[in-house]
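Scroll down for the structure; my scribbles are underneath it.
The values are calculated or read from the model by the stated rules, or taken from the named source; none is laboratory data. Model, not experiment: these values are computed from the prediction. Every residue, glycine as well, gets a Cβ built from its backbone with ideal geometry; the counts of neighbours run over all protein chains shown. These area figures cover heavy atoms from the full protein model, side chains too; ligands, DNA and RNA do not enter into them. Shrake-Rupley method; radii C 1.70, N 1.55, O 1.52, S 1.80 Å.
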Amino acid sequence: MIKPKIFQVNGTEYTIRPAKVSDAPALAELRLQIDGETEHFDRVQGEGLIDEGEFKELILLDTSIPNHLFLVAEVEGNLVGFSRCEGSHLKRLKHQVEFGVGVIKEFWGLKIGQALLSQSILWAHHQGLVKMTLKVIETNKSAIYVYKKYEFEIEGILKKDKRLSDGHYYNTLIMSRFFS
């Protein structure tokens, strides 16, 4: 349902497209790199690794389940970001998906995360979903701004949810976007 779409921002052209099994090796490296570039995620670099084989399984799973979506962002043949929407197989939860996104730091500011988000929102709307949720650490002000711009609202706060390298605890916001 999602077809590759080309974007151009500040002279950089990138494509948002569904993940393919052949992306698995690059995704394993990409995720490891992203985890080491920011404290916005749950993991520090090297934790919770997903290897090439596991990414292949994940991509195959996501392409076979209607309420799953795995997208990648590609610049000149190299993956620079990805996003996933993961739904539930449970009847009472099938109306919603959880969204997550990551982009390597070198490509921040080119609206790649926004493009991945907007394509995921379009997909969710066409799937007839009712709700899209995500979690974001309170220190990630730019992401929170973007999510609000795309009609996400704060539904809850997980207090002192993450401890960062400065030794302090930070809250995680649970944000959701509702479709009629």
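Just a few scattered comments:
- Given (1) touching a helix residue (DSSP H, G or I) at 6+ places or on another chain (Cβ under 6 Å); (2) closer than 26 Å to T172 by Cα, index of the condition D51 fails: (2)
- Of residues in segment 149-167 being of a type in the set (K, R) and under 16 Å from T139 (Cα atoms), the one least open to solvent (accessible area, probe 1.4 Å): K162
- Qualifying residues in segment 11-41 (those that are among the hydrophobic types (A, V, I, L, M, F, W, C) and part of a loop (DSSP other than H, G, I, E, B)) - the one farthest from K162 (Cα to Cα): A19
For every residue, the table says whether it meets (1) part of a strand (DSSP E or B); (2) hydrophobic (A, V, I, L, M, F, W, C); (3) farther than 18 Å from T38 by Cα.
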position	(1), (2), (3)
G81	yes, no, no
R84	yes, no, yes
L122	no, yes, yes
H125	no, no, yes
K135	yes, no, no
A143	no, yes, no
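- Looking only at residues of segment 145-169 that are assigned to a loop (DSSP other than H, G, I, E, B) and within 16 Å of the chain's Cα centre (by Cα), we find that the one that is farthest from L117 (Cα to Cα) is F152.
- Residue that is touching a Leu at 6+ places or on another chain (Cβ under 9 Å) and aromatic (F, W, Y), where the choices are Y169, Y147: Y147
- Q33 vs. criteria touching a Gly at 6+ places or on another chain (Cβ under 6 Å) and over 24 Å from T133 (Cα atoms): no
- Of all residues making up segment 62-93, the number that are more than 15 Å from the chain's Cα centre (by Cα), open to solvent by 60 Å² or more (accessible area, probe 1.4 Å) and over 18 Å from A26 (Cβ atoms): 7
- Residues that are of a type in the set (D, E, K, R) and either open to solvent by less than 50 Å² (accessible area, probe 1.4 Å) or in contact with a helix residue (DSSP H, G or I) (Cβ under 7 Å, 6 or more places away or on another chain) (or both) within segment 21-46 comprise D23, R31, D35, E37, R43, listed in sequence order.
- Of all residues in segment 47-61 being open to solvent by less than 60 Å² (accessible area, probe 1.4 Å) and in a loop (DSSP other than H, G, I, E, B), the one that is modelled with the highest pLDDT: I50
- Within segment 95-109, at least one residue is at pLDDT 95 or above, surrounded by fewer than 21 Cβ atoms within 10 Å (Cβ to Cβ), within 11 Å of the chain's Cα centre (by Cα) and not in a helix (DSSP H, G or I).
- Filtered residues of segment 8-17 (kept if open to solvent by 40 Å² or more (accessible area, probe 1.4 Å) and not small (G, A, S)): Q8, N10, E13
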